[in-house]
Structure formats: structure tokens, C-alpha cells
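Undergrad: So that we are looking at the same thing, I have put the structure below in C-alpha cells.
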Amino acid sequence: MIRTFLHLDVKPGQRDALISWYKETRALERAVADAGCLSTELYPDAGNEDRLLVTALWESPADYDRWVANPWRQSSTDEINRFLAEGFTPASKGSVVTSIHHATQVR
């Protein structure tokens, strides 16, 4: 398993608009619907109101690469750039860490 961390530096005053974009486009739900994405979350940065963090848990690096190449994700680049301070490209990726040990609560 891998976890990805995508830091998004937002134009001043655009954080809520970007959060709304994520909800309206169902971007996170689209990723989870893609094979190999186990979960994904969007977090505000408590210390910086112009930064968001997107994390996701993937079965493998290949699954994440498949999401990065997903046609919807590729076509959303111009839309998301309206909110970002730094340009986002179709190939933009978050940092990737590989799990070496994990535990899951069974309910």
C-alpha cells in the first residue's frame, strides 16, 4: 500500500471556493471509484489558511499512476488552476510513501 500527499497552495481567499469545487465535482469520490484507491481525504492546513492537503490510500503505485492519467483528472487541470497559487499540470503528483507496517480496526 501507498499513501499520497498532495499539498495545494491556494490563491489568497480561494480556499473555500476550492473546497466547494472538490465537493461539486466529486473529485475525491471519482478517485475512490477508480480501481485501487481505498480512501481519500481533503484537509485544511491549521497553520495556513491558503493551503489544503489531499491524502489518499492506494493499493499500489501503479494504481496511483493510473489515477494521475485518468481522463477526468487530466481534463480538470484548467479548472483547479483557477484556485491555485502555483500551476497544476496534468502530470502533477503528490509525494508518495510506502507502508511498511499497518494495522486496521475490524468492526
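The values are calculated or read from the model by the stated rules, or taken from the named source; none is laboratory data. Source: prediction; values computed, not measured. All Cβ positions, glycine included, derive from the backbone under ideal geometry; neighbour counts span all protein chains shown. Please note that ligands, DNA and RNA were not included when accessible areas were found on the heavy atoms of the full protein model with its side chains. Shrake-Rupley method; radii C 1.70, N 1.55, O 1.52, S 1.80 Å.
Undergrad: How much of the accessible area of the range 1-66, probe 1.4 Å, is carbon plus sulfur, in whole percent?
TA: 51
Undergrad: Right, another one. Where is the GNM fluctuation largest for the chain (alpha-carbon springs, 10 angstrom cutoff): VAL54, VAL68, VAL97?
TA: In this elastic network of the chain, the residue with the biggest mean-square fluctuation among VAL54, VAL68, VAL97 is VAL97.
Undergrad: Under the Kirkwood approximation applied to all pairs of distinct alpha-carbon atoms, what is the hydrodynamic radius of the chain in Å?
TA: By the Kirkwood definition, the hydrodynamic radius is 14.5 Å.
Undergrad: Sticking with this one: Between ALA35 and ASP16, how many nm apart are label points set 7 Å from Cα along the C-beta direction?
TA: Going by the 7 Å Cα→Cβ label model, 4.2 nm.
Undergrad: Taking a probe of 1.4 Å, how large is the accessible area per residue of the range 52-105, in Å²?
TA: Per-residue accessible area for the range 52-105 comes out at 60 Å².
Undergrad: If packing is taken as the average number of other Cβ atoms within 10 Å across a peptide's residues, how do 22-29, 42-49, 56-63 rank, most packed first?
TA: 56-63, 22-29, 42-49
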